[in-house]
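Working notes, beginning with the structure itself.
The values are calculated or read from the model by the stated rules, or taken from the named source; none is laboratory data. Model, not experiment: these values are computed from the prediction. Cβ placement follows ideal geometry from the backbone for every residue including glycine, while neighbour counts extend to all protein chains displayed.
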Amino acid sequence: MRTPIAWLRDYVELNLDTNAIVEQLAAIGFPVDAVETRPHISGVVVGKIVKLEKHPNADRLQVCTIDVAREQMLTIATAATNVAEGQVIPVATIGAQLPTMKIEPRKMRGIDSEGMLCSAEELGLPGEWFEEGIMQLDVSCRLGADVVQMFGLQYDVLDVDITPNRVDAMCMMGLARELGAALGKPTKVPETSVSYGGQRVDDDGAIVDVSFDSLDVRVTLESLDCRRYVAQRVSSLRVRPAKSWMRVRLALAGQRPINNLVDISNFVMLEVGQPLHFFDFAKIGGKHIIVRDAKPGEQIVTLDGEERTLDSTSLLIADESQATGLAGLKGGQVSEVSETTRELVIESANWVGPRIRRMSVALGLRTDASTRNEKNLAIGLADLGAARAARLLEQEGGIIHIPRGFGKTPGELTVVKLPTTEVDRLLGFTVSDKEMIDALNALGFEATVNGMMLHATVPMWRGDVTIAADIVEEIARIVGYGRVPTVIPAVPEQTVTSDEFHRERLIASTGAALGFAEVFSLALQAKAVETRWRDAGIDVPKPVEIRNPLSEDQRYMRFSLVPSLLEFIARDGAPRALFELGHLFSEGASDPIEQSVATFVLAQTKSDHPAYTDPTFLALKSKMNALVRAACGSEPTAVRATYPALHPGKTAALHIGDVVVGYVGVLDPRLAFAYELGGPVSAAVLFLDALPHATAASYRSASRFPAIERDLALIVAPEVSAGDLSDAVRGNSPLVRDVRVFDEYRGAQIGENKKSLAMRVTLQRDDATMTDAEADGAIAAILAVLRDRFEATIRG
Amino acid sequence: MSDLDQKLSALASRFDAALTGAPDEKALDEVRVAFLGRSGEITLIRRSIGELPPPERPEAGKTINAAVEALEAQLQSALASLERRHLDAALDETIDVTFPAPRAALGTLHPIRRIMNELADYFERHGFAVVLGPEIETDANNFDALNIPPDHPAREGLDSFYLRPDLLLRTHTSPMQVRTMREHQPPVAVIVPGKAYRRDAIDARHSYMFHQCEGLLVGEGVHFGHLKGMLTGMCRALFGPAQAVRFRPSFFPFTEPSAEVDTTCPGCGGSGCRTCGGSGWIELGGSGMVHPNVLRSVGYDPSLVTGWAFGFGIERIAMVRYEMSDIRDFYENTPAFLEQLG
């Protein structure tokens, strides 16, 4: 909220510089997002044009004689066209400093000009919000007064961040009250006293007595979402620019001045926090104000000129014939205050916040009024808002009628009771009874201590304070959060464990140890990713769709981590080894499915190798084996399988027992083509939730006797796999300690439709040195089995 | 001097000359074979013992053996000196050590992972567990159970991606407070690192997906000072031993009292710089005492247990730590970025 320090000073004494005010506000929970430093201006005083003459030597200049309450009148030549005798205006005297210039004596076409008349812009105000030409001050301003002092133009403007619970502080009074409490200073309350009734001079000059109690408008509240509705009629008004001090206040607060009536409604909202609406009395159809739900399809043209079609979410202010405003949100054009308005009705109402919020969301319309009304304003504020507006309208010449309130009246004030030890229990430091009472009273509470209990009566504007913890926060804000001690807790044993995190961490650090670079990529993607995969002929699960994406680029949740990894590789080229841990999303039968995976991609530079021993595949398989070993303590078994994104003939499922813990394979060539990847790429996925946790290993002593290694070259049919052959050898004899297939060969030497697999078999005994004869016997037995099961023959 | 002595002496001179002339191990071996080998000169001399009268033969044998020993010692010494020469030559070699080595592939962890690990290390040292959770959440866990009923104005700042009216992408890691407390009786001490999503357009400082670390301690006698203690330690572990922590009052529906947490700007040590915008402090995120309504929503009794919670942005911590200025760098994963910070 834009907060001119000058405006705060109307209610609380602030002998602090801007930085100190900013710090003080932050210390009590109102951080300042930005400070607008005001330009340095001096030497500008209030002057009155007592004589205006044409410049003798220049058609476009006029010469003003100006009274600035000094012994001598000032003579100032001006090119401004909006000047007239009798006007009160800001005068920059000789030596004055303006934002962009310093005023020196100068001759204007032969006349010595002793200063300059100022526009609003020359005083550092938004020029387009004020009259063109010279700024007009009020005739009541004291001549010779310093304009900067008068308007407080030397004070900076703060952009204060107000948390949504503190709607009471979304106004100058509220922030001033908070600052006052923090500084131990009293706050002034805006004047609200008025005289009711009076005399009006009619247009034909007749004097008419105006009754003080004639609302002459019926009010019907058809919805409980209007908790209170205060209506007050004001007669005998003239629409004109507001007083200059009010226009300056509003402009500094970022509110464009319009006219005296509109400005007063805005001023009161910014001052005391109660949004108001003014109806032109003459335009209220049937002199009946009705608060009711909108009918589906009902239409209204709001003050901004928009025609809006409503549904029953909307709550309306209506007269007997039509909707005249969106409750708590925005007025309608039909009853708008205009140049011809002579009488108005002040609406100062209180709404059920969530209703206003629903309506605001449904209409996509947020206003200064709705941001306040949706936060459950205090009911009592409705009466205050009307009274303050009446006072200001009276100063504009209005005749004030007695206000009429409808709906609820403010209830009894809340009393919160809590043990005096509660501050200590929650915050860890003790506060004396006196400190607690003083802090609360400074904030407008009425606090007493009764034995061990603190009783705090909550002021009407603090609807956010309802429980003991709220009171503790109030006390802490004032005594200072700096009092919170620094204590390391002794955390007791608990039942929560970190298993899942540790598994992820282990996979990540092992992946890095194996040479992969970890990436984190964004989890939302465009439809194009899915389309690209489907077009390439890859199976894609039904992706999860975001209903309200920010853009089409982010409409779907990722169904695989492979696409972004491939994009990085396409961008950066090979060699590259990347991995990512993250969640995959797909639509399930009833609910979306979320799965935690680790995905690895290995891109290598092109190399020549026979198609049946792909080094890209083996390189990644060895790393996946290592990862699974690290995570579960045992090596997975590779079983031929298929998996989306992987080559259907070059993919293995990784099994631990019966559980598939992941897949490893060569990238599907259709994807490699789609992503324009040159070299060989392999990819793997591990399902983190499927990985069994490592069980405690038991140690098997290594044999102390020498081992014998035998290499066998076997000729088999091409479909016999290295895994089948090794399993058969391993299961054959307890003497076999290790089997490793280390080469595959196909070619003319062994004939068509055959392949040769070379394996090394390690034989060893635990109890004695093995003899060659024993080894020969074992190998012979192995060969016999391989011959039986695979028709394997020794390569001659 | 006997004939034998003369022969041996002549042989020794020739042996010596041959050794001296042998340039390498192979030549030395040839010398060994020629003189000491099975059919070498010594063998010929040994055979000539048979021509001597028997009484002289033992003495002659001894003489020959002594000579052989001397020759072998000489040979060994020649071998040793040859090896020494090789080593000297090896020592004399030089290379251009500035010649660039091929780049060894070193795996890396993403900076977000690194910060998560550091947070986990610190909190686990103090008895906390680290838990993870789903990114698709129910509206009830993400909002209602955290004391943010529908139409609450606080939902404004937590603009969500919805999958269904009742399902969304979690806007913070806080629903894990609810999940953890529902499954476990107090005491509960956890941190929750993980992804969160908010409908923010992407720019240098915002991203619709980001990482948070939630912290929660609930039990008997837990107070706000314990949070300050843990966070002071955390900041010291992350940024250095001089870090201080301060609380500023704030508002979050699921904590009361609530506080924003600041720590000394590591860039300037608190004197004010560009990183901290001159304030000397860096904002870490929100915190507070768990709201009694949240404790009640998980079946805890707020009169018996108290607790605190915090939620910090991991990217924010990493950006301060690594002096980064653009949050998008985290998700673009360029080789330059990963090599520098991974």
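If I ask for residues that are within 26 Å of A:GLN395 (Cα to Cα), in contact (Cβ under 8 Å) with a residue 60 or more places away in the chain and assigned to a loop (DSSP other than H, G, I, E, B), which ones from region A:192-226 would you list?
A:THR192, A:SER193, A:VAL194, A:SER195, A:GLY197, A:SER211, A:PHE212, A:ASP213, A:SER214, A:LEU215, A:ASP216, A:VAL217
So which of B:PHE123, B:PHE99, B:PHE35 is surrounded by 10 or more Cβ atoms within 10 Å (Cβ to Cβ), more than 14 Å from chain A (Cβ to nearest Cβ) and among the aromatic types (Phe, Trp, Tyr)?
Values: B:PHE123 fails: more than 14 Å from chain A (Cβ to nearest Cβ); B:PHE99 fails: surrounded by 10 or more Cβ atoms within 10 Å (Cβ to Cβ).
Step by step, each of B:PHE123, B:PHE99, B:PHE35 is checked, and only B:PHE35 is surrounded by 10 or more Cβ atoms within 10 Å (Cβ to Cβ), more than 14 Å from chain A (Cβ to nearest Cβ) and among the aromatic types (Phe, Trp, Tyr).
Would you check which residues across region B:288-315 are within 30 Å of A:ASP572 (Cβ to Cβ) and in a strand (DSSP E or B) and list them?
If the condition is that a residue be within 30 Å of A:ASP572 (Cβ to Cβ) and in a strand (DSSP E or B), then B:GLY313 is the only one that fits.
Sort out which residues of region A:480-503 are within 8 Å of chain B (Cβ to nearest Cβ) and outside any loop (DSSP other than H, G, I, E, B), and write them in order of number.
Residues satisfying the conditions are A:TYR481, A:GLY482, A:GLU500, A:PHE501, A:HIS502.
Which strands (runs of 3 or more DSSP E) does region A:372-477 wholly contain that include 1 or more residues that are charged (D, E, K, R)?
Details: elements: A:404-407, A:415-419, A:446-450, A:453-457.
Qualifying strands (runs of 3 or more DSSP E): A:404-407, A:415-419, A:446-450.
Just give me the residues in region B:44-55 being in a helix (DSSP H, G or I) and exposed (fewer than 13 other Cβ atoms within 10 Å of the Cβ), in sequence order. Show your work before the answer.
Keep residues of region B:44-55 that are in a helix (DSSP H, G or I), which gives B:44-51, B:54-55.
Matches in region B:44-55: B:LEU44, B:ARG47, B:GLY50, B:GLU51, B:PRO54, B:PRO55.
Please determine, by comparing only the residues of region A:380-422 that are among the polar types (S, T, N, Q) and farther than 30 Å from B:VAL305 by Cα, which one is surrounded by the most Cβ atoms within 10 Å (Cβ to Cβ). Walk me through it before giving the result.
Step one: of region A:380-422, the residues among the polar types (S, T, N, Q) are A:395, A:409, A:414, A:420-421.
Subsequent filtering for residues that are farther than 30 Å from B:VAL305 by Cα retains A:395, A:409.
Details: A:GLN395: 14, A:THR409: 12.
In this case the residue turns out to be A:GLN395.
Six or more apart or on different chains, Cβ under 6 Å: which pairs go from a residue in region A:785-796 that's farther than 13 Å from A:ASN732 by Cβ to one that's of a type outside the set (Ser, Thr, Tyr)? Could you list them?
Within 6 Å, the pairs are A:THR793/A:ILE715; A:ARG795/A:ALA713; A:ARG795/A:ILE715.
Give the residue, chosen from B:GLU256, B:GLU260, that is in a strand (DSSP E or B), more than 24 Å from A:THR497 (Cβ to Cβ) and out of contact with any Ser or Thr (no Cβ under 9 Å at 6 or more places or on another chain). Talk me through it step by step, then tell me what you get.
Values: B:GLU260 fails: out of contact with any Ser or Thr (no Cβ under 9 Å at 6 or more places or on another chain).
Being in a strand (DSSP E or B), more than 24 Å from A:THR497 (Cβ to Cβ) and out of contact with any Ser or Thr (no Cβ under 9 Å at 6 or more places or on another chain) holds for just one of B:GLU256, B:GLU260, which is B:GLU256.
Take A:GLY511 and tell me if it is in contact with an Asp or Glu (Cβ under 9 Å, 6 or more places away or on another chain), more than 11 Å from chain B (Cβ to nearest Cβ) and of a type outside the set (Phe, Trp, Tyr). Talk me through it step by step, then tell me what you get.
Details: in contact with an Asp or Glu (Cβ under 9 Å, 6 or more places away or on another chain): yes; more than 11 Å from chain B (Cβ to nearest Cβ): no; of a type outside the set (Phe, Trp, Tyr): yes.
No; evaluated as a whole, the condition is false for this residue.
Which is among the aliphatic types (A, V, I, L, M) and surrounded by 23 or more Cβ atoms within 10 Å (Cβ to Cβ), of A:ALA206, A:ALA282, A:ALA181?
Working: A:ALA206 fails: surrounded by 23 or more Cβ atoms within 10 Å (Cβ to Cβ); A:ALA282 fails: surrounded by 23 or more Cβ atoms within 10 Å (Cβ to Cβ).
Testing whether each residue is among the aliphatic types (A, V, I, L, M) and surrounded by 23 or more Cβ atoms within 10 Å (Cβ to Cβ) leaves just A:ALA181.
Every residue, every condition in (1) more than 32 Å from the chain's Cα centre (by Cα); (2) at pLDDT below 95, yes or no:
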residue	(1), (2)
A:ARG256	no, no
A:ASP263	no, no
A:PHE267	no, no
A:GLY273	no, no
A:PHE279	yes, yes
A:GLY285	yes, yes
A:ARG292	yes, no
A:LEU303	no, yes
A:GLU307	no, yes
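Kindly indicate the residue of region B:193-238 that is more than 8 Å from chain A (Cβ to nearest Cβ) and β-branched (Val, Ile, Thr) and also surrounded by the fewest Cβ atoms within 10 Å (Cβ to Cβ) among those meeting that condition.
The selected residue is B:ILE202.
Could you please give the count of residues in region B:239-254 that are closer than 30 Å to B:ILE148 by Cα and more than 9 Å from chain A (Cβ to nearest Cβ)? Before you say what the answer is, go through the steps one by one.
Pass one, region B:239-254, residues closer than 30 Å to B:ILE148 by Cα: B:245-254.
From what's left, more than 9 Å from chain A (Cβ to nearest Cβ): B:254.
Qualifying residue count for the region: 1.
Inspect region A:124-139 for any residue being under 45 Å from the mean Cα position of the chain (by Cα), of a type in the set (Asp, Glu), over 25 Å from A:THR3 (Cα atoms) and part of a loop (DSSP other than H, G, I, E, B) and give the result as yes or no.
So in region A:124-139, the residues under 45 Å from the mean Cα position of the chain (by Cα) come out as A:124-138.
Retained after the next criterion (residues that are of a type in the set (Asp, Glu)): A:128, A:131-132, A:138.
From the residues that got through so far, the ones that are over 25 Å from A:THR3 (Cα atoms) too are A:132.
Imposing the further condition that a residue be part of a loop (DSSP other than H, G, I, E, B) reduces the set to A:132.
Yes, there is a match, as at least one residue in region A:124-139 is under 45 Å from the mean Cα position of the chain (by Cα), of a type in the set (Asp, Glu), over 25 Å from A:THR3 (Cα atoms) and part of a loop (DSSP other than H, G, I, E, B).
Could you go through region A:594-616 and let me know if any residue there is under 46 Å from the mean Cα position of the chain (by Cα), crowded, with 18+ Cβ neighbours inside 10 Å and either modelled with pLDDT under 90 or within 24 Å of A:ARG746 (Cα to Cα) (or both). Write out each step before concluding.
Kept after step one, since they are under 46 Å from the mean Cα position of the chain (by Cα), are these residues of region A:594-616: A:594-605, A:616.
Adding the requirement that they be crowded, with 18+ Cβ neighbours inside 10 Å leaves A:596-603, A:616.
Filter again for either modelled with pLDDT under 90 or within 24 Å of A:ARG746 (Cα to Cα) (or both), leaving A:616.
Yes; the residues of region A:594-616 include at least one that is under 46 Å from the mean Cα position of the chain (by Cα), crowded, with 18+ Cβ neighbours inside 10 Å and either modelled with pLDDT under 90 or within 24 Å of A:ARG746 (Cα to Cα) (or both).
Looking only at residues that are hydroxyl-bearing (Ser, Thr, Tyr) and over 28 Å from the mean Cα position of the chain (by Cα) in region B:224-271, which one is nearest to A:GLY29 (Cα to Cα)?
Going through region B:224-271, the residues hydroxyl-bearing (Ser, Thr, Tyr) turn out to be B:232, B:250, B:255, B:258, B:263-264, B:271.
Retained after the next criterion (residues that are over 28 Å from the mean Cα position of the chain (by Cα)): B:250, B:255, B:258, B:271.
Working: B:SER250: 5, B:THR255: 14, B:SER258: 9, B:SER271: 23 Å.
So the residue we want is B:SER250.
Looking at A:ALA536, A:ALA589, can you tell me which residue is of a type in the set (Gly, Ala, Ser), free of Cβ contacts under 8 Å to residues at least 60 places away in the same chain and more than 9 Å from chain B (Cβ to nearest Cβ)? Give the derivation first.
On the way: A:ALA536 fails: free of Cβ contacts under 8 Å to residues at least 60 places away in the same chain.
Matching residue, one of A:ALA536, A:ALA589: A:ALA589.
Within region B:316-335, which residues are at the interface with chain A (Cβ under 10 Å from one of its Cβ atoms) and either part of a helix (DSSP H, G or I) or buried (at least 19 other Cβ atoms within 10 Å of the Cβ) (or both)?
Just the residues of region B:316-335 that are at the interface with chain A (Cβ under 10 Å from one of its Cβ atoms), to begin with: B:328, B:330-335.
B:PHE330, B:TYR331, B:GLU332, B:ASN333, B:PRO335 - these are the residues of region B:316-335 that are at the interface with chain A (Cβ under 10 Å from one of its Cβ atoms) and either part of a helix (DSSP H, G or I) or buried (at least 19 other Cβ atoms within 10 Å of the Cβ) (or both).
For region B:141-158, which positions are facing chain A (nearest Cβ under 9 Å), surrounded by 14 or more Cβ atoms within 10 Å (Cβ to Cβ) and either over 42 Å from the mean Cα position of the chain (by Cα) or at pLDDT 85 or above (or both)?
B:ASP151, B:HIS152, B:PRO153
Considering only region A:620-641, state which residues are small (Gly, Ala, Ser) and outside any loop (DSSP other than H, G, I, E, B). Write out each step before concluding.
At the first step, the residues of region A:620-641 found to be small (Gly, Ala, Ser) are A:622, A:626, A:630-631, A:633-634, A:638, A:641.
Those that are small (Gly, Ala, Ser) and outside any loop (DSSP other than H, G, I, E, B): A:SER622, A:ALA626, A:ALA630, A:ALA631, A:ALA638.
Since A:ALA469 meets every condition but one in (1) more than 8 Å from chain B (Cβ to nearest Cβ); (2) under 20 Å from B:HIS223 (Cα atoms); (3) crowded, with 18+ Cβ neighbours inside 10 Å, which condition does it not meet?
(1) is the only condition that A:ALA469 fails.
For B:ALA60, all conditions in the list (1) free of Cβ contacts under 8 Å to residues at least 40 places away in the same chain; (2) more than 30 Å from B:ARG316 (Cβ to Cβ); (3) assigned to a helix (DSSP H, G or I); (4) not aromatic (Phe, Trp, Tyr) hold save one; what is the number of the exception?
Only one criterion is unmet by B:ALA60, namely (1).
In region A:317-335, what residues are outside any strand (DSSP E or B) and surrounded by 19 or more Cβ atoms within 10 Å (Cβ to Cβ)?
Of all residues in region A:317-335, those outside any strand (DSSP E or B) come to A:319-322, A:327-329, A:333-335.
Listed by number, the residues that qualify are A:ASP319, A:ALA327, A:GLY328, A:LEU329, A:VAL334, A:SER335.
What number goes with the only condition from (1) surrounded by fewer than 20 Cβ atoms within 10 Å (Cβ to Cβ); (2) more than 10 Å from every other protein chain (Cβ to nearest Cβ); (3) polar (S, T, N, Q) that B:SER287 does not pass?
(1) is the only condition that B:SER287 fails.
Only one of these is in contact with a Ser or Thr (Cβ under 6 Å, 6 or more places away or on another chain), of a type outside the set (Lys, Arg), assigned to a loop (DSSP other than H, G, I, E, B) and more than 14 Å from chain B (Cβ to nearest Cβ): A:VAL230, A:VAL239, A:VAL189. Name it. Explain how you work it out, then say what you get.
Values: A:VAL230 fails: assigned to a loop (DSSP other than H, G, I, E, B); A:VAL189 fails: in contact with a Ser or Thr (Cβ under 6 Å, 6 or more places away or on another chain).
Step by step, each of A:VAL230, A:VAL239, A:VAL189 is checked, and only A:VAL239 is in contact with a Ser or Thr (Cβ under 6 Å, 6 or more places away or on another chain), of a type outside the set (Lys, Arg), assigned to a loop (DSSP other than H, G, I, E, B) and more than 14 Å from chain B (Cβ to nearest Cβ).
To keep it simple, each residue is scored yes or no on (1) within 9 Å of chain B (Cβ to nearest Cβ); (2) over 28 Å from A:GLY678 (Cα atoms); (3) surrounded by fewer than 21 Cβ atoms within 10 Å (Cβ to Cβ).
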| position | (1), (2), (3) |
| --- | --- |
| A:THR531 | no, no, yes |
| A:SER551 | yes, yes, yes |
| A:SER560 | no, no, no |
| A:ALA570 | no, no, yes |
